Amino acid sequence: MGLLQQRCTGHLLCALTFLEAAGNLALMLYALLWEAGNLVDRPDKRIGFYNFCLWNATAGELQCLEYKHLQVMGISLPGMVLARVCVYACLVFSIFYPVFVAHVKCKEEREGWKAILIILIIKMIILSGGLGTFLFQTSQWIHLSDFTGGFLALLGTQALLLLQILTATMYLSWAKQHTRVKALLLTGPCPLGFESEEDASAIDNML
């Protein structure tokens, strides 16, 4: 019964990983493609990774500024490019991530799950770095109340990334215990003693 529960736990963690990955991808597609990378999209202001438009009272319409104007305003062009590259690189990772997870799940490789955990941490770092760099460059022209759906979707993406990291860590812990239990069961009849407290704990959890 305990072994069956362990297997169910593994399948549940894996299914949760796929659901989190799907939600992550959906949020990033919404923020970066549907919203065209705009974190602020209001009638008097549109600011994003590809747009920087402010209201021109004289013309009575939004005026989108070019890079030369942004540099005059004190916005660093390399900083904006770096922010864009980091955030959109995270989108590319998110597109191929479910395929890699499916491959690792089919192989049931513990080392593969370690690679998954590393990928998730990298995604978290580059997304946070890109978003932080962008906000640092544009904070003078953005108020907290200005943010719209694109920004909220990226915040949701970060929250899901943290949840994915937690899930992958839990799966690695489960896989370590599950592997030890299987190894002990394959050695033959159940011994009267255990070589270590970890082995005894693993069998105890199985029961």
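The values are calculated or read from the model by the stated rules, or taken from the named source; none is laboratory data. Just so we're clear, the structure is a prediction, and the values are computed from it rather than from any experiment. Only protein heavy atoms, including side chains, enter the accessible area calculation; ligands, DNA and RNA are left aside. Shrake-Rupley method; radii C 1.70, N 1.55, O 1.52, S 1.80 Å.
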Per-residue HN-Hα couplings for the range 119-135 [Karplus 6.51, -1.76, 1.60; θ = phi - 60°; Hz; x = Gly/Pro]: 4, 5, 5, 4, 4, 4, 5, 6, 5, 5, x, x, 5, x, 5, 4, 5
Ignoring ligands, DNA and RNA, how do LEU154, LEU172 rank by accessible area with a 1.4 Å probe, largest first? LEU172, LEU154
Potential lengthening between LEU135 and LYS68 on full extension [0.36 nm per residue; Cα-Cα distance subtracted]: 22.2 nm
List the residues, sorted by chain then number, that are 5 or more residues from LEU62 or on another chain and whose placed amide H is less than 5 Å from its amide H. ASN56
So what are the ³J(HN,Hα) numbers for the range 159-174, from phi and the Karplus equation (6.51, -1.76, 1.60; θ = phi - 60°), rounded to whole Hz, Gly and Pro as x? 5, 5, 5, 4, 5, 5, 4, 5, 5, 5, 5, 5, 5, 4, 5, 5
For MET170, tell me the accessible area in Å² from a 1.4 Å probe, rounded to the nearest 10. 100 Å²
Mind jotting down the distance between the C-alpha centroids of the range 138-161 and the range 51-111, whole Å? 12 Å
THR133 accessible area, 1.4 Å probe, all protein chains in place, Å² to nearest 10: 40 Å²
